[in-house]
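The values are calculated or read from the model by the stated rules, or taken from the named source; none is laboratory data. If you're wondering where the values come from, they're calculated on a predicted model, not measured in any experiment. Here Cβ is always computed from backbone atoms with ideal geometry, including for glycine, and neighbour counts include all displayed protein chains.
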Amino acid sequence: MILFCDTSALIKLYLREDSSDLMMALAAAASAIAVCRIAWAETMAALARRVRESPADAQPIEAVRKRLCLDWPDYAIVEVTQPLVELAGDYADIFALRGYDSVQLAAARILEEAAGEELQFACFDARLEKAAKVLGMLTLATL
């Protein structure tokens, strides 16, 4: 099973949050962890916001950034292409998704169609998860 992580799911592999244990277990059981290329920027933005909001976390967050840099080459990266963003535009309209959420969903969908194995879509956004379920994707809610 391929575990596709949107940014909300990916961050739980690096920061101790609700559902981090679930994400760690899913990651350990997956044959591969996949992310969309934009997850890098979204994750770095989330980490920077965390430091701005809690300067005392600066040192641990720097360690997280370094760990992500080391782990990134091991992830299956879905590149942002014109067909992907066109599909994302359709999903934004159909499911009333934010821009990057629709890109994440389109990336997972394209990977699911290309992969020769089952894909689990991991996210922690109710609207995004509902859209994935409507598309017939396995989600965290189906566990």
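Residues are listed down the side, and each one gets a yes or a no for (1) among the small types (Gly, Ala, Ser); (2) more than 19 Å from residue 10 (Cα to Cα):
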position: 33; (1), (2): no, no
position: 76; (1), (2): yes, no
position: 91; (1), (2): no, yes
position: 118; (1), (2): no, no
position: 127; (1), (2): no, no
position: 135; (1), (2): no, yes
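Within the range 87-129, how many residues are over 15 Å from the mean Cα position of the chain (by Cα), loosely packed, with under 14 Cβ neighbours inside 10 Å and not acidic (Asp, Glu)? Adding up the residues that qualify gives 4. Pairing residues of the range 1-27 that are without any contact (Cβ under 8 Å) to a residue 60 or more places away in the chain with residues that are surrounded by fewer than 16 Cβ atoms within 10 Å (Cβ to Cβ) and outside any loop (DSSP other than H, G, I, E, B), at Cβ distances under 7 Å and at least 6 apart in sequence or on separate chains, gives 13/24; 14/67.
Would you check if residue 97 is modelled with pLDDT of 95 or more, touching an Asp or Glu at 6+ places or on another chain (Cβ under 7 Å) and under 20 Å from residue 37 (Cβ atoms)? Please lay out each step first, then the result.
Working: modelled with pLDDT of 95 or more: yes; touching an Asp or Glu at 6+ places or on another chain (Cβ under 7 Å): no; under 20 Å from residue 37 (Cβ atoms): yes.
No, not satisfied.
In the range 12-26, which residues are touching a helix residue (DSSP H, G or I) at 6+ places or on another chain (Cβ under 6 Å) and at pLDDT 95 or above? Scanning the range 12-26 gives 12, 13, 14, 20, 23.
Restricting 63, 30, 34 to those that are among the small types (Gly, Ala, Ser) and over 19 Å from residue 2 (Cα atoms) reduces the list to 63.
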